[in-house]
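The values are calculated or read from the model by the stated rules, or taken from the named source; none is laboratory data. Not measured: the values here are computed from a predicted model. As a convention, Cβ positions derive from the backbone with ideal geometry for all residues, glycine included, and neighbour counts pool all protein chains shown.
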Amino acid sequence: MKHTLGVCYYPEHWPEDIWEQDAARMVAAGLSWVRIGEFSWQRLEPVAGDLRWDWLDRAIDVLGQAGLKIILGTPTATPPRWMLDKHPDMLPVDAQGRPRNFGSRRHYCFSDLGYRDESRRITRLMAQRYGSNKHIAAWQTDNEYACHDTTRSYSDAARTGFRDWLAQKYQSPDALNRAWGNVFWSMDYDDWAQIDLPNLTVTEPNHPHVLDFARYSSDQVVAFNRVQVDEIRAHSDAPIIHNYMGRETSFDHWKVGADLDIASWDSYPIGFLSDRIEGSDDHKLMFLRQGDPDNQAFHHDLYRAVGRGRLWIMEQQPGPVNWAPYNPAPLPGMARLWAWEAFAHGAETVCYFRWRQAPFAQEQMHAGLLRPDSADAPALAEAQQVSQEINGLPDVGTAQAQVALVFDYESAWGWEAQPQGADFDMFRLAFSAYRALRRAGLNIDILPPDCADLSPYKLVLAPGIMHLSDPLRAALAAFKGIALIGPRTDTKTEHLSIPTPLGPDIDGLDVTVALTESLPPNAQVKLSGGGRFLHWFEHLEGGDTAHMTTKDGHPAIMGSDNLRYLAGWPDAATFDRIIGYHCDILDLETHSLPEGLRIRDTDTHRFVFNYAPHPQNWNGTEIPAAGVHWEPLA
Ligand code: GAL
């Protein structure tokens, strides 16, 4: 496999007479893919039922004739205005009960079946027309499910759908009452029609009610996507892809991914650093123009797994974006570094977003590979450099990691419903574990919560997994390496209640979480031998060995040789110590990497990425700021 580059393009934004020149410049820059179509519904169907394919036919032809392969997006993230007249109830409703109106994008509720049919209809028409077009080499469904907080909608359609979903799941209101513990506060129901969505309650709604609504809402995303997949597959053999987001946990990506051929995600490293990554002010300043050194890698590893080995970057930041609180420009070299890092993590293709910066509308301040005046923007030359470098390094492969991290969306919803500590967040916890593994220079695989086989791995981390699935519970019991689970792992039932006997419940682990504490940001639990827990601390009991203890003698890590429970949330230095300690036992090679230097081994090469704004030394080689270095593996 040769890695490839592409770009996102909106022919409908530009006069038709420049398409050919644009296509030629894309090819000259070494791009081989172009993604089009995903917001074009109004131009395709200006009036309900009046289809105008002519311009898209020509655009596909011009781009295809130039030698570009096309990713065709279904346009369902932007229903035209007339759609609202046809389906007045299709707007999503926020948790305050207010409709989210027309005038931007994603103004649809996943539960609205009328809109779901419209989405089926336009997808079918597109697939019928272009399914056997030789230039269409891949499909994208919709655009960034969940973006702008759109997974959960508190609409009438959602209420009806949720009741039906609950009736199918629980069969009787009695069973639901028992599962949710509704005897508490006299919350019992005796009819499905009495059950509302878990918003606008006087104080917090019951946690399993919130969790089930999160499950229901995620299922609607899966169902919405599946409708499109079925339509496309009926007419096309090209792979079907969705472009996921960074740090988005509101729907189960494992489930959406199971219906697709490739997982892709949209990587905006600098936007994310300012918008959705925890870090000190110093950290954010140091990586202001590069992005967090672990955030891209985490998502590459996560989505590579969601795509069952097939990963793309559908949108790669090329310059300043428009949507973060502050939008600095990347350091020269970053548009190249980000692409190589994606390739080193198994990406087949990296598409930059977007071709030409639009001088109009919401994203006019968002950079492209070209400026609004069509002059080259800085990232174009970097993309070109990458395309030339790819020719010298045709396939680096994706190495099997020896270390794995389990990541579970349901747990994210469970802890969101019941954080117990104001700063407890599933992504944050998993990412802090991932960061520690990366600082040790390890390759990491991310695993789904129903993973049944851990045998390829030596070290497995499963922090914060609310309730273990049967396959994972069995795989942990049989594991021959070291599994470090906790904090909070297997401490709840699937209904978010406390199990009795208390968890965790894994054969071979004699540890029980007897008491749980959450801690404000300025409090800590000190460990003997150095280090500390922040945010969270569990008091453990049981017959197993305490491998580490707190200063006042509580177990900090407790378990058998193979199965260990981590009782708190270690700060970064403590996590480093814990990872180092276990890697020593397992004889896993680690590195002590300076801040901002990261490595990733592929089948053939070791890649070294310098995210720091200054040069750094790797085994005698000086790597410039924003530089990439690779060397063949011995
Ligand atoms: C993504 C989205 C694109 C564009 C981009 C801007 O979230 O998929 O359509 O809005 O962000 O950075």
- Task: State whether the residues of the stretch 39-54 include one that is out of contact with any helix residue (DSSP H, G or I) (no Cβ under 6 Å at 6 or more places or on another chain), among the polar types (S, T, N, Q), outside any loop (DSSP other than H, G, I, E, B) and more than 21 Å from residue 132 (Cβ to Cβ).
- Result: yes
- Could you please give the count of residues in the stretch 240-267 that are within 11 Å of the ligand (Cβ to nearest atom), in a loop (DSSP other than H, G, I, E, B), touching a residue at least 60 places away in the same chain (Cβ under 8 Å) and not hydrophobic (A, V, I, L, M, F, W, C)? 1
- Only one of these is more than 16 Å from the ligand (Cβ to nearest atom), aromatic (Phe, Trp, Tyr) and crowded, with 18+ Cβ neighbours inside 10 Å: 41, 82, 55, 19. Name it. 19
- Task: Give the residue that is surrounded by the fewest Cβ atoms within 10 Å (Cβ to Cβ), with candidates limited to residues of the stretch 22-38 that are aliphatic (A, V, I, L, M) and within 16 Å of the ligand (Cβ to nearest atom).
- Result: 36
- The condition of being of a type in the set (Gly, Ala, Ser) and either within 16 Å of the ligand (Cβ to nearest atom) or not assigned by TED's automatic domain parsing to the domain that holds residue 353 (or both) holds, among 97, 131, 114, 103, only for 103
- Quick one: would you say residue 294 is surrounded by fewer than 24 Cβ atoms within 10 Å (Cβ to Cβ), within 25 Å of residue 36 (Cβ to Cβ) and more than 16 Å from the ligand (Cβ to nearest atom)? no
- Message: If the requirement is being without any contact (Cβ under 8 Å) to a residue 40 or more places away in the chain, more than 16 Å from the ligand (Cβ to nearest atom) and either at negative phi or of a type in the set (S, T, N, Q) (or both), which of these qualifies: 156, 230, 212?
- Response: 230
- Query: Which residues, counting only those in the stretch 354-386, are of a type in the set (A, V, I, L, M) and more than 11 Å from the ligand (Cβ to nearest atom)?
  - Reply: 369, 370, 375, 377, 379, 380, 381, 383, 386
- Among the numbered conditions (1) within 24 Å of residue 513 (Cβ to Cβ); (2) under 30 Å from the mean Cα position of the chain (by Cα), tell me where residue 603 comes up short. (1)
- Message: Given the condition part of a helix (DSSP H, G or I), within 16 Å of the ligand (Cβ to nearest atom) and at pLDDT 95 or above, answer yes or no: does some residue in the stretch 191-204 qualify?
- Response: no
- So which strands (runs of 3 or more DSSP E) stay within the stretch 513-593 end to end and still have 2 or more residues that are out of contact with any helix residue (DSSP H, G or I) (no Cβ under 6 Å at 6 or more places or on another chain) and surrounded by fewer than 22 Cβ atoms within 10 Å (Cβ to Cβ)? 532-541, 545-549
- Query: Can we say residue 225 is within 16 Å of the ligand (Cβ to nearest atom), of a type outside the set (Asp, Glu), part of a helix (DSSP H, G or I) and not assigned by TED's automatic domain parsing to the domain that holds residue 262?
  - Reply: yes
- With respect to residue 372, determine if the residue is under 24 Å from residue 298 (Cα atoms), in contact (Cβ under 8 Å) with a residue 12 or more places away in the chain and not acidic (Asp, Glu). no
- Is there any pair linking a residue in the stretch 182-196 that is free of Cβ contacts under 8 Å to residues at least 40 places away in the same chain and surrounded by 10 or more Cβ atoms within 10 Å (Cβ to Cβ) to one that is aliphatic (A, V, I, L, M) and assigned to a loop (DSSP other than H, G, I, E, B), with Cβ under 9 Å and at least six apart or on different chains, and which? 189/195
- Here are some conditions: (1) assigned to a strand (DSSP E or B); (2) surrounded by 20 or more Cβ atoms within 10 Å (Cβ to Cβ). Residue 617 meets all but one. Which one does it not meet? (2)
- Task: Just one of (1) more than 16 Å from the ligand (Cβ to nearest atom); (2) farther than 24 Å from residue 603 by Cα; (3) assigned to a loop (DSSP other than H, G, I, E, B) trips up residue 394, so point out which.
- Result: (2)
- With 54, 22, 17, 50 as the choices, which residue is of a type in the set (D, E, K, R) and in contact (Cβ under 8 Å) with a residue 12 or more places away in the chain? 22
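Results for (1) in contact with a Pro (Cβ under 9 Å, 6 or more places away or on another chain); (2) closer than 21 Å to residue 264 by Cα; (3) at pLDDT 95 or above, shown as yes or no for each residue.
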{"site": "101", "(1), (2), (3)": "no, no, yes"}
{"site": "108", "(1), (2), (3)": "yes, no, yes"}
{"site": "113", "(1), (2), (3)": "no, no, yes"}
{"site": "121", "(1), (2), (3)": "no, no, yes"}
{"site": "131", "(1), (2), (3)": "no, yes, yes"}
{"site": "135", "(1), (2), (3)": "no, yes, yes"}
{"site": "140", "(1), (2), (3)": "no, yes, yes"}
